[in-house]
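Engineer: Next up is a structure, given as structure tokens.
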Amino acid sequence: MRRPHLTRRALLASGASFAAAAALPSASRAQGAALPAEALRRIPSSGEMVPSVGLGTWITFNVGDDPVLQAACNDVMAAFFAAGGRVIDSSPMYGSAQAVIGRGLAALGTPPDLFAADKVWTSGDGPAQMEDSRRHWGVRHFDLMQVHNLLAWEEHLPTLFAMKAAGQARHVGITTSEGRRHDLFEEVMRTQPLDFIQVTYNILDREVEQRILPLARERGMAVMVNRPFQQGALTRRLAREKLPGWAGEIGATSWAQAILKFILSHPDVTVAIPATSRVDHVRENVAAATGPLPDAALRRRMAADVAAL
């Protein structure tokens, strides 16, 4: 497991602390702002509307039992909920992230409209692992349970469909990242009644535009996007470059917002899940869902400009 992006030393140096979140009443932290219709997307199979920007937890929430780093994750969750965020995604693969989410929800008060998304990631006892995940989160059930990177998918999917039928999971999906195993991914999409798929997609990694996203539309599957910033590498690279004039046309005040707006402007994308350890970044990310999005012509220009940098 990779080390957390946020270190205790960096956090202390920045002056971040749990006091900022603790100053807010639990009730106010659990109640999010009402998002405009433009910031919501429909899940095709259920008709449920969810915010188009969620919160990923890979690396950033793998902070173990450190109370200072736990407090920083609580701060991020509090800001996310206050901004209107609902969708949080995690996995047993993410080290301590599930337990960190659970402690944060216990401290902040779990929002009644939380959309909890997790994964099964084992070649062994899937039901036992999923129950461990549920206990870590402290939720009654998951809103979305996914087979992580298709590991043992033939074994797990029947279990997930049975859980859905029994009301123990509301949606079922599969995931992949970084363009891996797309041929098998498409095969599973074509043969299984999935509610969600989760794939890597951003302004540079666009392979899924060719077959995966059109197939999701054809099959009525929601699309969750991971690695929107290439795990931070893309935004770090672009930070050296001046924000182009077209950013103003879509109300983007940062490269991160421009990238998210590019992703969300694809009509087949349901929700993107950027991970962050910073309160200002989570607010900025959620805000990217509001205001204008690029049209087809501007999308082409944006992609060409970023590829040339």
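The values are calculated or read from the model by the stated rules, or taken from the named source; none is laboratory data. All of these numbers come straight from a predicted model, not from anything done at the bench. Note: ideal-geometry Cβ built from the backbone for every residue, glycine included; neighbour counts use all protein chains shown.
Engineer: With buried (at least 24 other Cβ atoms within 10 Å of the Cβ), under 11 Å from residue 61 (Cα atoms) and either aliphatic (A, V, I, L, M) or without any contact (Cβ under 8 Å) to a residue 40 or more places away in the chain (or both) as the only criterion, which of 116, 97 stands out? Please lay out each step first, then the result.
Structural biologist: Details: 116 fails: under 11 Å from residue 61 (Cα atoms).
Going through 116, 97 in turn, the sole match is 97.
Engineer: Do you know which residues across region 197-254 are among the aromatic types (Phe, Trp, Tyr) and under 18 Å from residue 58 (Cα atoms)?
Structural biologist: Across region 197-254, the qualifying residues are 201, 229.
Engineer: For residues in region 144-195 being in contact with a helix residue (DSSP H, G or I) (Cβ under 6 Å, 6 or more places away or on another chain) and over 26 Å from residue 207 (Cβ atoms), which is surrounded by the fewest Cβ atoms within 10 Å (Cβ to Cβ)?
Structural biologist: Among them, the one singled out is 159.
Engineer: Go through (1) hydroxyl-bearing (Ser, Thr, Tyr); (2) under 21 Å from residue 188 (Cβ atoms); (3) within 17 Å of the chain's Cα centre (by Cα) one by one and return the number of the condition residue 159 breaks.
Structural biologist: Going through (1) hydroxyl-bearing (Ser, Thr, Tyr); (2) under 21 Å from residue 188 (Cβ atoms); (3) within 17 Å of the chain's Cα centre (by Cα) one by one, residue 159 breaks only (3).
Engineer: Where in region 191-309 are the helices (runs of 4 or more DSSP H), entirely inside, with at least 3 residues that are modelled with pLDDT of 95 or more and over 17 Å from the mean Cα position of the chain (by Cα)?
Structural biologist: The helices (runs of 4 or more DSSP H) meeting that bar are 212-219, 233-238, 246-249, 296-308.
Engineer: With respect to residue 53, determine if the residue is surrounded by 17 or more Cβ atoms within 10 Å (Cβ to Cβ), under 19 Å from the mean Cα position of the chain (by Cα) and in contact (Cβ under 8 Å) with a residue 40 or more places away in the chain.
Structural biologist: Numbers: surrounded by 17 or more Cβ atoms within 10 Å (Cβ to Cβ): yes; under 19 Å from the mean Cα position of the chain (by Cα): yes; in contact (Cβ under 8 Å) with a residue 40 or more places away in the chain: yes.
When the stated conditions are applied, residue 53 passes them.
Engineer: State which residue is surrounded by the fewest Cβ atoms within 10 Å (Cβ to Cβ) when the search covers only region 293-306 and only residues that are over 29 Å from residue 57 (Cβ atoms) and touching a residue at least 24 places away in the same chain (Cβ under 8 Å).
Structural biologist: Step by step, filter region 293-306, then rank; the result is 295.
Engineer: Which residue is farthest from residue 43 (Cα to Cα), if the candidates are limited to region 129-165 and must be touching a strand residue (DSSP E or B) at 6+ places or on another chain (Cβ under 7 Å) and part of a loop (DSSP other than H, G, I, E, B)?
Structural biologist: Checking each candidate, the answer is 139.
Engineer: A follow-up question, please. Need pairs with beta-carbon distance below 8 Å; first residue touching a residue at least 24 places away in the same chain (Cβ under 8 Å) and within region 155-179, second among the basic types (Lys, Arg) and assigned to a helix (DSSP H, G or I); sequence gap 6+ or separate chains.
Structural biologist: Listed by first residue and then by second, the contacts come to 170/164; 171/164; 172/164.
Engineer: When you scan region 56-92, how many residues do you find that are charged (D, E, K, R) and touching a residue at least 60 places away in the same chain (Cβ under 8 Å)? Walk me through it before giving the result.
Structural biologist: Within region 56-92, the subset charged (D, E, K, R) is 65-66, 75, 86, 89.
Cutting the leftovers down to touching a residue at least 60 places away in the same chain (Cβ under 8 Å) gives us 75, 89.
Residues flagged as charged (D, E, K, R) and touching a residue at least 60 places away in the same chain (Cβ under 8 Å) within region 56-92 amount to 2.
Engineer: Taking the condition more than 15 Å from residue 93 (Cα to Cα), out of contact with any Phe, Trp or Tyr (no Cβ under 9 Å at 6 or more places or on another chain) and surrounded by 15 or more Cβ atoms within 10 Å (Cβ to Cβ), does residue 139 pass?
Structural biologist: So residue 139 fits the description; yes.
Engineer: Here is a further query. I'd like to know if region 209-228 contains one or more residues that are touching a helix residue (DSSP H, G or I) at 6+ places or on another chain (Cβ under 6 Å) and under 22 Å from residue 305 (Cβ atoms).
Structural biologist: Yes: one or more hits.
Engineer: From (1) within 16 Å of the chain's Cα centre (by Cα); (2) modelled with pLDDT under 95, pick out the condition that doesn't hold for residue 43.
Structural biologist: (2)
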